[in-house]
Amino acid sequence: MKLIIMTKPTFFVEEDKILTSLFDEGMDNLHLYKPGASPMYSERLLTLLPEDLDRKVTVHEHFYLKEEYGLKGIHIDNETDTAPQGYKGHVSRTCTDLNKLKDAKRNADYVLLKYIFDSQTDRSKKATLSMDALEQAAKCGLIDKHVYALGGMNDDTVRMAKDLGFGGVVICGDLWNRFNIHQEMDYKELIQHFKRLKKIIG
């Protein structure tokens, strides 16, 4: 089972140090997700990371960054969008509808199936897929190693996703909620939690 870490949607002072520490602890897939932000800030963050780690980063916007920094690939958030014309590299995409999952899998290296559980960062974002529907999708092989669970991931729900046969999970709020970007500089608790998640995933 794979573990993806998604960045906070906003940039913050300690971010490059935390990300570098997470890479040091074995993070091998970071999704750079900064919706609506100027590409200049993403460029700055990438230049602050050790150069050999760029190949472990997937970018959600400003796809030119993929070639410019030698990133792992691009991620398409909108279910109806396609990869840029002529693009040949690694592609992942988001899907929110089990009925569209089969097609999404055909057009991506892996798919993030969203709203599996209630969001831990935005309380208004509730799970839209029932456990019965997920179990049925797993039983018929729709959920497999190319489908990663996104939404409401924590120690318990990661275990549930593993039991359902997801190929990976995406962690965001469960990790970043352990560090107050406005008041703290010590991010040991965040790193310890990442290690715990890695053990659960195995």
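Among the conditions (1) more than 23 Å from residue 75 (Cα to Cα); (2) open to solvent by less than 60 Å² (accessible area, probe 1.4 Å), residue 156 misses just one, which is (2). Set side by side, the residues 181, 191, 143, 171 differ, and just one is touching an Asp or Glu at 6+ places or on another chain (Cβ under 8 Å), β-branched (Val, Ile, Thr) and modelled with pLDDT of 95 or more, which is 191.
Within region 172-191, does at least one residue satisfy the condition of being open to solvent by less than 50 Å² (accessible area, probe 1.4 Å), among the β-branched types (Val, Ile, Thr) and within 15 Å of the chain's Cα centre (by Cα)? No; the residues of region 172-191 include none that is open to solvent by less than 50 Å² (accessible area, probe 1.4 Å), among the β-branched types (Val, Ile, Thr) and within 15 Å of the chain's Cα centre (by Cα). With (1) of a type in the set (Phe, Trp, Tyr); (2) free of Cβ contacts under 8 Å to residues at least 40 places away in the same chain; (3) touching a His at 6+ places or on another chain (Cβ under 9 Å) as the list, and residue 87 as the residue in question, which single condition is left unmet? Single failed check for residue 87: (3). For region 62-88, a residue qualifies if it is open to solvent by less than 30 Å² (accessible area, probe 1.4 Å) and within 19 Å of residue 146 (Cβ to Cβ), and the qualifying residues are 73, 74, 75, 76. Would region 93-100 turn up any residue that is at pLDDT below 90 and charged (D, E, K, R)? The answer is no, given that none of the residues of region 93-100 is at pLDDT below 90 and charged (D, E, K, R). The single residue among 130, 124 that is over 28 Å from residue 19 (Cα atoms) and polar (S, T, N, Q) turns out to be 130.
Per the conditions (1) of a type outside the set (Gly, Ala, Ser); (2) touching a Phe, Trp or Tyr at 6+ places or on another chain (Cβ under 8 Å); (3) crowded, with 16+ Cβ neighbours inside 10 Å, the sole criterion not satisfied by residue 15 is (2). Put simply, of 44, 55 the only residue that is exposed (fewer than 15 other Cβ atoms within 10 Å of the Cβ), in a helix (DSSP H, G or I) and within 19 Å of the chain's Cα centre (by Cα) is 55. Scanning region 103-122 for residues that are over 30 Å from residue 67 (Cβ atoms), of a type outside the set (S, T, N, Q) and open to solvent by 50 Å² or more (accessible area, probe 1.4 Å) yields 115, 118, 122. Can you give me the number of residues within region 18-33 that are open to solvent by 40 Å² or more (accessible area, probe 1.4 Å), over 15 Å from residue 173 (Cα atoms) and assigned to a loop (DSSP other than H, G, I, E, B)? Residues flagged as open to solvent by 40 Å² or more (accessible area, probe 1.4 Å), over 15 Å from residue 173 (Cα atoms) and assigned to a loop (DSSP other than H, G, I, E, B) within region 18-33 amount to 2. Checking the stated criteria, residue 36 turns out to be in a loop (DSSP other than H, G, I, E, B), under 23 Å from residue 174 (Cα atoms), open to solvent by 40 Å² or more (accessible area, probe 1.4 Å) and not β-branched (Val, Ile, Thr).
The values are calculated or read from the model by the stated rules, or taken from the named source; none is laboratory data. What you see is a predicted model, and the numbers here were worked out from it, not measured in a lab. Every residue, glycine among them, receives a Cβ derived from its backbone with ideal geometry; neighbour counts consider all protein chains shown. Surface areas here come from the heavy atoms of the whole protein model, side chains and all, with no ligands, DNA or RNA. Shrake-Rupley method; radii C 1.70, N 1.55, O 1.52, S 1.80 Å.
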